[in-house]
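Read the figures in this text as sums done on the coordinates, not as results from a lab. Just so we're clear, the structure is a prediction, and the values are computed from it rather than from any experiment. Here the Cβ positions follow ideal geometry from the backbone for every residue, glycine too, while neighbour counts run over all protein chains shown.
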């Protein structure tokens, strides 16, 4: 199965700009991208729609990670997914250029909380994306109890349009 994630250049710039803002104590910022879905056989096209940052007060102090979301952040994201019937992608940035990698902590924590979105929006896939300044890498779950799939292609649509394979 191929998974292709598309986002407008403008929305990608908004996400990157927000994720680069300083936080009073967290070392990085996180947020959520909502998306729609189109399927063609086994291939999935994920179309990014909107972005919501995690509010400053919804971070927990945890020196063992770059950013730790508190229960209000998760609850808000779950409510958004349930009410809008959307696919939801947790997003953060590792900065730099080139293909970013999920850290071991990212992989472990994604596997813990991303499948919970199926409790409120089981009809849509959900996932996680890590950005660099010019690229991205992603994971997507299509069912709660199955392993994630890599997002194999990304496209930023606009001027200029950018496309890369990330699997």
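Brief remarks on what is shown
- Members of the range 106-141 found to be surrounded by fewer than 19 Cβ atoms within 10 Å (Cβ to Cβ) and either at positive phi or touching a residue at least 60 places away in the same chain (Cβ under 8 Å) (or both), listed by number: 133
- Considering residues of the range 142-167 that are assigned to a loop (DSSP other than H, G, I, E, B) and without any contact (Cβ under 8 Å) to a residue 40 or more places away in the chain only, the residue farthest from residue 113 (Cα to Cα): 167
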